[in-house]
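The next block holds one structure in the form of structure tokens; read it before the comments.
The values are calculated or read from the model by the stated rules, or taken from the named source; none is laboratory data. From a predicted model like this one, the values you see are computed outputs, not experimental measurements. Every residue, glycine among them, receives a Cβ derived from its backbone with ideal geometry; neighbour counts consider all protein chains shown.
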Amino acid sequence: MTTQIFVNLPVRDLERSKAFFAALGFTFNPQFTDQNAACMVVSDTIYVMLLVESFFQTFTKKPVADARKGTEVLVCLSTDSRAKVDEYVAKALAAGGTAPNPKQDHGFMYGHGFEDLDGHVWEIVWMDPNQAPPQ
């Protein structure tokens with residue numbers, strides 16, 4: 001069996017978050033989506049569970065971090081071109097996200113990112129491993 005990853009993120013307004021990520025081109029698996037959670041499909045093996053904060057809290061005894069005030073995780077997705085990096089960020093900005101940092105161009109690697117509506121940081125990168133500097 002192939003290993004899958006399910007990143008779980010707390011959100012304040014599930015419908016608003018679903019609309020934000022749908023504007024970026026993501027889809028949701030209705031089998032695992034209800035009023036408390038939405039299963040966002042990133043790939044055949046990567047999913048993001050958007051969980052209403054009160055539901056997210058049932059999975060941990062620790063307080064839920066406010067991603068607008070602090071950062072606990074940086075979610076990084078790769079894409080197949082520099083243009084796709086820019087496209088993702090442009091869509092995020094148009095849907096209400098922010099771009100807290102400038103683009104980074106290292107020649108063999110290009111990236112930019114955005115914060116979603118709840119302050120979670122998403123980095124989008126393109127890399128040409130054939131152009132990477134030797135170790």
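Inside the range 82-124, can you point out the residues that are in contact with a helix residue (DSSP H, G or I) (Cβ under 9 Å, 6 or more places away or on another chain) and among the acidic types (Asp, Glu)?
Scanning the range 82-124 gives Asp105, Glu115, Asp116, Asp118.
Evaluate the range 91-102: report whether one residue or more is on the phi > 0 side of the Ramachandran plot and touching a residue at least 40 places away in the same chain (Cβ under 8 Å).
Taking every residue of the range 91-102 in turn, at least one turns out to be on the phi > 0 side of the Ramachandran plot and touching a residue at least 40 places away in the same chain (Cβ under 8 Å).
Identify, from the list Leu50, Leu24, the residue that is closer than 23 Å to Ile5 by Cβ and out of contact with any Leu (no Cβ under 7 Å at 6 or more places or on another chain).
Of Leu50, Leu24, the one residue that is closer than 23 Å to Ile5 by Cβ and out of contact with any Leu (no Cβ under 7 Å at 6 or more places or on another chain) is Leu24.
Among the residues of the range 102-135, how many are assigned to a loop (DSSP other than H, G, I, E, B) and modelled with pLDDT of 95 or more?
7
I need a count of the residues in the range 59-69 that are more than 19 Å from the chain's Cα centre (by Cα) and exposed (fewer than 10 other Cβ atoms within 10 Å of the Cβ).
Qualifying residue count, the range 59-69: 3.
Looking only at the range 16-42, count how many residues are surrounded by fewer than 13 Cβ atoms within 10 Å (Cβ to Cβ), touching a strand residue (DSSP E or B) at 6+ places or on another chain (Cβ under 9 Å) and not β-branched (Val, Ile, Thr).
4
Could you tell me whether Tyr47 is of a type in the set (Phe, Trp, Tyr) and in contact with a Cys (Cβ under 7 Å, 6 or more places away or on another chain)?
yes
For the range 78-92, enumerate the residues that are aliphatic (A, V, I, L, M) and surrounded by 16 or more Cβ atoms within 10 Å (Cβ to Cβ).
Val85, Val89, Ala92, listed by residue number.
Got a number for residues in the range 56-89 being more than 18 Å from Gly119 (Cβ to Cβ), touching a residue at least 12 places away in the same chain (Cβ under 8 Å) and of a type in the set (A, V, I, L, M, F, W, C)?
Total satisfying the criteria: 2.
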